[in-house]
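First up is the structure itself, then whatever we jot down about it.
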Amino acid sequence: MIEVKNLVKKYGNHLAVDHLDFTVEKGQIYGFLGPNGAGKSTTMNIITGYISATEGQVLINGHDIFEEPENAKKAIGYLPEIPPLYMDMTSKEYLQFAAELKKIPKDQRKRMINEVMELTKIDSVKDRLIKNLSKGYRQRVGLAQAILGYPEIIILDEPTVGLDPKQIIEIRDLIKELSKKHTVILSSHILSEVSALCDHVLIISNGKLVASDTPEHLGELMAGSNTVVLTVKGSTEKIKSVLNSINEIRDYQITKSMESGSKDIKIQMKSQTDIREKLFFTFAEQRCPILMMDSTKISLEDVFLELTSKEQINEEIPENLQEEVEVKVEEEEQNESNL
Ligand SMILES: Nc1ncnc2c1ncn2[C@@H]1O[C@H](COP(=O)(O)OP(=O)(O)OP(=O)(O)O)[C@@H](O)[C@H]1O
């Protein structure tokens, strides 16, 4: 439905979008997530034909947004970060103007405008000048404009920014409702919003796509997901032999504990299996008492931070760290025995 191929956008020397590739399938809500300045708005502005790309291609239902803009844009309704509203028009006048621009047939305009005003709950302010509307209502007018004509794809840049909690809930409910018939792409830096609303998350950092998956799957896949932390009494050698014998363990780090003769261990599992009982019995067999054990699950917030902080993008890092940590522990043990 939307294919973004090798998309690049440079502002002067600044690379705002760095070779993006992704596909958006029909009938789902996609969350475009990233820190400030990551390139979300730039990407959305390119997909919707607002600005040009430096390199790459965007196909909307097979139509190139740059070469066949009319055909491509027909399928898209867009609410930019700052809705392009005309302050001296009333809400209804603005929607009539938008209907003309969208070339909605005259005999359908009135009905469609009434429907979107009802959907976005702006009926009560339809005759008020936009400049006299609150931010929340202006946002709704922008949204009404985006869904006018029922385009297949609705793209919303930060749709709930500046709204009060009640309005946020209403707009989210509306987005859910829209997703029954439309494909929705929304950008946000509110993680709970993306978690709650989206079927699929695209995480962008420094113009690059760093993850593309369901919110649940992202949590499971990340290092640290389904993590168990323990404090165990025993030598590093014995602890390692126990940990190496458990297949479900993907990765672990051992550090010196505050408790004398003990080690702190952080374990990442390969899957969502609960291995706490197995750990208990295997350490017990080796006569290594577990002094503390706790399991944690990763949130989308952790995934976001991990993926968007430059230092940790490389998945190799945990393994390298593990080696460093192990060497450190061994050195410390050596020092202890020398004393
Ligand atoms: N017209 C422009 N001229 C020069 N640089 C720009 C322009 N528009 C955006 N940028 C820069 O490109 C980068 C990406 O900006 P963009 O607005 O796409 O990010 P964003 O992810 O939408 O951020 P935010 O969440 O803050 O809106 C930023 O570093 C920004 O300063």
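A compact table of results
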read-out: Fraction of antiparallel bridges per DSSP, the range 2-220 only, in percent to nearest 5; value: 55
read-out: Per-residue HN-Hα couplings for the range 198-211 [Karplus 6.51, -1.76, 1.60; θ = phi - 60°; Hz; x = Gly/Pro]; value: 8, 7, 9, 10, 10, 9, 10, 9, 6, x, 10, 7, 9, 7
read-out: J(HN,Hα) series, the range 106-121, from Karplus relation 6.51 cos²θ - 1.76 cosθ + 1.60, nearest Hz, glycine and proline x; value: 3, 5, 9, 4, 4, 4, 5, 5, 4, 5, 6, 5, 5, 4, 8, 6
read-out: Given charges at beta-carbon only (K, R positive; D, E negative), |dipole| of the range 147-227 in Debye; value: 80
read-out: Under 5 Å, built H, 5+ apart or other chain: amide partners of LEU209; value: ASP21
read-out: Cβ-based net charge around SER188, under 12 Å, with every Lys or Arg adding one and every Asp or Glu removing one; value: -2
read-out: Amide hydrogen neighbours beyond the local backbone of ASP251, cut-off 5 Å, H modeled; value: GLN268
read-out: Listed residue pairs exceeding 24 Å between alpha carbons, taken from LYS233/LYS266; LYS106/LYS126; LYS135/LYS181; LYS106/LYS135; LYS92/LYS121; LYS73/LYS106; value: LYS135/LYS181; LYS106/LYS135
read-out: Orientation-averaged projected area, Cα convex hull of the range 90-200 (nm²); value: 6.8
read-out: Listed residues ASP274, ASP18, ASP302, most fluctuating in the chain (Gaussian network, C-alpha, under 10 Å); value: ASP274
read-out: Using θ = phi - 60° and Karplus 6.51 cos²θ - 1.76 cosθ + 1.60, couplings along the range 2-12 (whole Hz; Gly, Pro as x); value: 10, 10, 10, 10, 6, 6, 10, 9, 10, 9, x
read-out: Computed [θ] at 222 nm, deg cm²/dmol, the chain (DSSP H ≥ 4; -39,500 (n - 2.57); rounded to nearest 500); value: -11500 deg cm²/dmol
read-out: The range 2-220: relative contact order as a whole-number percent, Cα under 8 Å and 6+ apart; value: 30
read-out: Burial ranking of peptide ranges 39-48, 236-245 (average Cβ count within 10 Å, highest at the top); value: 39-48, 236-245
read-out: Surface/4 of the Cα convex hull for the range 225-296, nm²; value: 4.1
read-out: Inter-part distance where the range 177-254 and the range 1-15 are each reduced to a Cα centre, Å; value: 27
read-out: Equivalent ellipsoid, the chain (semi-axes from 5 times Cα gyration tensor eigenvalues, Å); value: 52, 21, 16
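Read-outs: derived from the displayed coordinates by stated rules, not from any lab. Note that the coordinates shown come from a computational prediction; the quantities given were computed from them, not determined experimentally. With ideal geometry, Cβ positions are generated from the backbone for all residues, glycine too; neighbour counts draw on all protein chains shown.
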